[in-house]
Structure formats: structure tokens, C-alpha cells
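Reviewing the structure listed below.
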Amino acid sequence: MNLLKEFETRDVLAPLKDTHEIDLVSQEVRPTFNLAAYINRSATLQEMVRLGVDISKWEKRKGISSYILKLDLECDMKQHLMFLRDQGVKPEDLGRWLTINPLIFREKIEDLDARINYLKAVKFTSDEIARLISRNPHWLLFSTVRIDNRLGFFQRSCDLSRDEVRVVAVKEPRLITHNLHHIKRTSIAVTEEMGFDKNEMKSLMLSTPKLWIAHGPSLLRKFDYLHNEMGLSHSVLVKFPKILQSREFRIKQRHQYLKTLGRAQYDPQKPNYVSPASLVEGSDLKFCSDIAKSTVHDYNLFLKTL
Amino acid sequence: MHVSQTLKIFRRIKEAKPTASLVLTTHLRQRQLPHWTSYFVKYSDVTSDQRGLSHFNWKVDGANYHILRTGCWPYMKYHCTKRPYEDLSVDDKFFRVLKIANLGIPCLAYGCGASFLISCQEDIYTPEGTVTIYFLYEEDRDMTMNHLRKVLIGNLSRDLNLLKTRPATPMVAIEGSVTENLVVKVKENYADHPLVLGPRYQPKDIKLAWAHQLDKNISGVCILGVNSGTKGTHKVRESQLIRSYMVSGQFGRTTDTLFNDGKVIGKSTYKHVTRGRLMRTLMTIQAGHQRSALHFLGLDPQSQEAYEALSADGLVRPGEKSPPLIYALKIVDFNLPDFTLEVSCINENAVYLQHLVHDLALRLKTTAVCTQMRCIRYGPWTLQHSLCGILEPEALGV
């Protein structure tokens, strides 16, 4: 700073005392719209790119750019990266992980250790912890108290045992840290609007916890079509929960096609039974040859008449 | 803002032009050897190495194509059909003689016409650079146009990014001290890395426009233009082409929205409706529209021009903006209480078609509701031209 001040006050035409001073003069850093302008000067950001972090996603989030530029690789980041590696986040996955959650560098290592210890205390195995953390990068931002409350909430609301809560959490790690209001809303939709009973809801939660983080209105529309249009009973849907996860237009197109062919027969007691699971599985090619027993050309022609 | 500006500059950098034959081969491969394809390529984008050839055989990965090639400035048109090898030298000579005899004027006219009709394009990635080719069609399924736009642009940019994209340009850096010696180095440029700048193709780089806004209740043909094709859609819209719809309805009830999904607000009997009565009513409606077509001609009905316009072949189309006009009404299917009509019209919209079904039923002393509307033709484009979601196994070589 002093040097810069001296440069400003000194006579421009006077000869330099030390020619090395010229090396210190460089283009000034100007305000910019994105991190790309700084990256060739910042070794930290370059290291992040080498790890596979998508910096263009960081700069879209408010406040992340200015926060990340102030960090230093050695003192602010190294420990966290080591910690993540030790907890089982795979090196090739680290880029994606940090793209989603750059705020991890704000947490203290002692806090992170305490959070891992809590998970060990509630009997998650180390493999399971690795899965929870790597599949849900936001997990580590939640304090032990909050995680404890949330695990308790799921145990109470769906009447699960401790083991079952663990199974659900490992199956869909994003569920536990998801917006609780949304979870409650989906639970109401499943029991009240769709009419599943308590036991059926529990088995849905155990088999496909992902339904609880799906888009609510679209889930309801899918159920309405499956139950009222295709005539699948609640017990069948509980048996084949995958069908509730598939996309709405896929179910509609395939069911209507089978209907025109006269093959929409979902009753296992009768001949020509089509399993609801196989309806949504596989590519359209496979669907046409195995389930509909027709050609893709005919299917395409049919789609154009919808 | 900064990013897209940089991208645009980079894209402007000219590369060596690939040959026309390379574009042909790459296009057929990229489309996974279709039965039939036809495209235009700009003269300015390629080096023409098939000049003088009009009809010839072309082998790609074991499949043989008959290619009809014609130069129609500013484009070259390629029409390819998958057929076994035949000797085409006589055909080739015949076409060449024909072209010379006509002094190439029809070819030029075709080129100018094609510039108006082109509404879709595709990039062909050859080892020597990207060439854009142009198509005439696109499709739609039951969704709103904005949703369709988002889906298409998202898919286009996602798939373009999966292809081999432009590598990062290196950076020139001067290192060392002024007092000793300075070294000029070419270094890896992180500022141009896809992880820093974002993907090479971004949704905001792709322009998409449609010739006619289809309502969410209408499915079927929908003409879309991508990037420079958006000019084409504008031309299509201006030229006031006739659209045909399959409109299905059901007698016996009416709803508050006049469409199938509304609340039922009235019921009535419909046993008295016969095919003949329905036909007669349709004729009345059609005749009324034909009379009113004269008013929207934009000419004095007593004048010579109006007489000539009416006596000339073809349809009388409105000169400027007009209310919806129906040119043809046909019964496709009549099976009480359901019926399907084919409606050819201009300047219509979904609400108008729904009202048409409603009014038709009132004239027949009953009520009806529209159950399905499908655009089956837009000017020269029909459902056959529309793109399909799934490739057929023959095309995949299965």
C-alpha cells in the first residue's frame, strides 16, 4: 500500500530507484459480473476447478462469490477437504459436492466432528454415514439438535421404529433435511386426499421415501389418474410404488396405447396380465416389443393422434 | 451478460469450411441412417465438392442412399432416400440437361422460396467445424407453448453440450522480471474453462419462435423456428396459411368452459340428431363463411379486381386481419353421442373452435361439448412431417 502511495506522489519523469518496482505494477482488479475475471489470478479457485467444482453455479448464488474469494486454500479449505475425504466422500464426487455446498468452509471442524459423532451415537454405520453425507451435501450444515429433532419427527409422524428411521434416512438422505412443511403437506395428501391408511403410508415411506420430496400437485394428479382412470387399487399402488414415481405423461401415453390395443389389463387373476411396474419401466422400444407387442412405428403414429 | 458476449465473439471465429460430401455423410450418421431425409445447406457454409452431380448413389456405413442434389442459391438442397444400389448415370444426365435448358431459373426460385419456408435447423458436427442445416418442421404435445419452449431449449442446449464442444483457448502470459529476461508463455486459460464460464451452449443463447400460438388444449402440428429459423416462422405467420383441425365433440351436455374439463352446466337429449342433419347444418355454417370471406378480401365487391380474385383458382383469403373464417367443414366420424369434424380455417383460436361446436349443437336443438382439438395440418406441413419422440428400430439398425 505504501509503495502504491509513493508511486502516486512521485514525479513521473524521475528515474526509478529500483527497476524491480516495475514488476510489482500490474493491471488493477476491477469489479466484474463473474468469477472468470479473477480465476487466472486466484490459485484457490484454480484448485477448485481442478477438483471439478462448477464455479459458474457458485456465482449464480447470492453472496457466494465474495465469500469464496476471501478464502485461502491452505488455512481455510484444506482441513475441510481432508475431513470430507475421511468421512467417505469419494474424490471424483467432491467437485459436485462442493458445487452444491460451498458453505461447508464456514463450519468449524470441531462442530463437524460432533455431528459425525452424533450419527455414530445413533448407530449409523460408517458406510451409511458416508452415503448420508455424500448424497446430501447439506446434511453437515445442520446442527446435532436439528438433526435429532428431525429424526424424531419422522419416527413419530409415520410410526417408525429407530431401525426403520435409519433405513428411510439411508434410502433417501435428502428427505431428513427437506422442508418439514412440505413433508407434512405430503403426509396429509397421502392419507387424507389419496386415502391410504396409516399402515399403507408407512410401507410407502419405507419403500419409496422419495415420494415425500416430489412435487405435490403432480403427485396428486398421478395418483388421480392411476386410481380413478386406470382403476389401480390402493393395495396395488403400495405393492408397486415405483409407478407413483414415474412421469405423468409416460403413464398416460402408455396406458392409452394399451387401451386402444385392448391390452390394458391390470388384474393378475385374468389372462394377458400387465404388471403396473412393467408399464413404466424400460425404454419405449422395450415397452413396445415386450408389453404392447407392437412396433415403435405404430406407437409413434398413435402418439400423434393424442 | 459478460459470459454470453464472450461466447458470441468466440463463435464468430471462422474455421476452415468442411466439404459438402462430409456434411452429407455426417448428417446421415448423426440421424442414425434414416429411411428418408431432406435438408438445405448454405453455399457459404461448405466447400461444394459435388458440383454438377444431380442424382447419384452415396454409401454410408453399409447403407446405400439415392441422393437428389440441386443447387438453389443461397442453399443446396439434398434429398436422400435409402435404396439399394442402381445405375443412376442416365437420370443424372437427364436432370443436368433439364437444369441447363431452364437456365437454372426454377432452382433460384426454389432457393428464395425455401428461405421463407425454413423453420428448423440442426448443427452438423464435422471434424472440420460445425455447419448449420435447415429443416421445415417440428411438433407439439399437450402442453402450453411456454412449457414446450422451455423443454425444447433445455434439451437442445443439454444435448449440444454433450457433444464435443470447443476446447478452452490458451492464454498468453509474460513472466519473469523486467531487469532480467521476460519469458512469453502459452498457459492454460482457466477463464475459458466450461466449469468457470458455464456450459458452452446455454438456454439463453437459443432463440425459439412459433408460427402460431397453440392453446394448451390443442395438440398437433406446431411450426417452430430455432435461432435464424425464427425469421422463417415470422414469414409463415404473415403468409396466412390455412390450418386444419380434427375437432371431436360429444352431444348431450355443456360445460362452463365449453371444453371437456369444465363443470357440466346443462344436459339435453340428442337422439334426434342424424348424420344428414348434422351435414346440412355444417353446410349452412360453411356457406355463411364463404359469403363473409368476400367482405374481408379488402376489395370493392363491384370492382374488376374482386371479380378476378373470385374467378381465379384457389381460395379467397382475407387481405388483412379478419375474424376467423372457415373454408371447409367435414364429418370424419359420427357415432352418437360422439362426433369428429375436420375444420379448415384461418385466424381461429381454441376458444373459437369450442364455440363452433357449441353453436353447432344449438342449431341442432341440443347441446354439445368439445372433447379434443388436434391441429393436423398447417399450410404444407402435416402430422407426417412432425418429429417423433422415439427413433424406430430400423433407423437404429436393430
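In nm, to one decimal, how far is the B:Ala173 label point from the B:Gln290 one, both placed 7 Å along Cα→Cβ?
Distance between label points: 8.0 nm.
Measuring from the lowest to the highest alpha carbon on each principal axis, how far does chain A reach, largest first, in angstroms?
100, 53, 30
With charges set only on the Cβ (+1 for Lys and Arg, -1 for Asp and Glu), what does the dipole of the protein assembly as shown come to about its Cα centre, in debye to the nearest 20?
Here the protein assembly as shown has a charge dipole of around 1640 debye.
Could you give the length gained by full extension between A:Val122 and A:Ile22, i.e. 0.36 nm per residue of separation minus their alpha carbon distance, to one decimal place?
29.8 nm
Below 15 Å, Cα to Cα, which aspartates and glutamates can A:Lys90 reach? Residues fewer than 8 away in the same chain don't count.
Cα-Cα hits under 15 Å: A:Asp127, A:Glu128.
So which lysines pass the test for B:Lys263, namely a Cα distance under 20 Å, with those fewer than 8 places away in the same chain ruled out?
Within reach: B:Lys216.
Just read off the accessible area of B:Asp49 with the full protein assembly in place, 1.4 Å probe, to the nearest 10 Å².
Here the residue's solvent-accessible area equals roughly 80 Å².
What spacing in nm lies between the two simple spin-label points modelled at A:Arg41 and B:Met143, each 7 Å away from Cα in the Cβ direction?
4.4 nm
Express the carbon and sulfur contribution to the solvent-accessible surface of the protein assembly as shown as a percent, rounded to the nearest whole number, probe 1.4 angstrom.
About 56 percent, which is the carbon plus sulfur part of the accessible surface.
Compute the longest continuous run of chain A that contains no exposed chymotrypsin sites (Phe, Trp or Tyr not before Pro); treat a site as exposed when its DSSP state is not H, G, I, E or B and it has at most 16 other Cβ atoms within 10 Å.
Longest site-free region, per DSSP loop and neighbour criteria: A:143-272.
Please give the average number of partner chain Cβ atoms lying within 10 Å of the Cβ of each residue in A:33-43, rounded to a whole number.
That works out to 5 on average.
Enter the mean projected area of the convex hull around the alpha-carbon atoms of segment A:246-306, in nm², rounded to one decimal.
3.9 nm²
What is the Cα centroid distance between segment A:267-296 and segment A:105-128, reported in whole angstrom?
Cα centres, segment A:267-296 to segment A:105-128: 46 Å.
Under 8 Å for C-alpha pairs, at least 6 residues apart: give me the relative contact order for chain A, rounded to a whole percent.
It comes to 9 percent, rounded to a whole number.
Starting from the Cα gyration tensor of the protein assembly as shown, multiply each eigenvalue by 5, take the square root, and state the resulting semi-axes largest first in whole Å.
Gyration-tensor ellipsoid for the protein assembly as shown: 54, 43, 26 Å.
Subtracting the Cα-Cα distance from 0.36 nm times the residue separation, let me have the gained length for B:Arg51 to B:Leu310 in nm, one decimal.
In short, 88.8 nm is gained.
Restricting to DSSP loop positions (anything but H, G, I, E, B) with no more than 16 other Cβ atoms inside 10 Å of their own Cβ, which trypsin sites (Lys or Arg not before Pro) remain in segment A:255-306?
Hits after loop and neighbour filter: A:Arg263, A:Lys293.
In this model, which of A:Lys252/A:Lys304; A:Lys184/A:Lys242; A:Lys202/A:Lys222 are farther than 18 Å apart at the alpha-carbon?
A:Lys184/A:Lys242; A:Lys202/A:Lys222
Dipole size in debye (nearest 20) for chain A around its Cα centre, Lys and Arg Cβ +1, Asp and Glu Cβ -1?
For this selection, approximately 1260 debye.
To the nearest 20 debye, what charge dipole does segment A:165-267 have about its Cα centre, counting +1 at the Cβ of each Lys and Arg and -1 at the Cβ of each Asp and Glu?
My answer is approximately 440 debye.
Would you mind checking segment B:148-187 for residues with the amide N under 18 Å from a putative spin-label position 7 Å along Cα→C-beta of A:Arg10?
Under cut-off, by backbone N: B:177-180.
How much accessible area is lost when chains B and A come together, counting both sides, with a 1.4 Å probe, in Å² rounded to the nearest 100?
Protein heavy atoms only, the B-A interface buries about 2500 Å².
Write down the accessible area per residue of segment A:156-291 in Å², having rolled a 1.4 Å probe over the full set of protein chains.
The answer is 51 Å² per residue.
Only sites in a loop by DSSP and with at most 10 other Cβ atoms within 10 Å count here; which GluC sites (Glu not before Pro) in segment A:1-60 make the cut?
Qualifying residues, ordered by number: A:Glu28.
Putting +1 on Lys and Arg Cβ atoms and -1 on Asp and Glu Cβ atoms, find which of B:Val60, B:Asn155, A:Leu180 reaches farthest to the positive end of the dipole of the protein assembly as shown.
Going by the Cα projections, it comes out as A:Leu180.
The values are calculated or read from the model by the stated rules, or taken from the named source; none is laboratory data. Model, not experiment: these values are computed from the prediction. We place every Cβ from the backbone using ideal geometry, glycine too, and count neighbours over all the protein chains shown. Just so you know, the surface numbers come from the protein's heavy atoms only, side chains and all, with ligands and any DNA or RNA stripped out. Shrake-Rupley method; radii C 1.70, N 1.55, O 1.52, S 1.80 Å.
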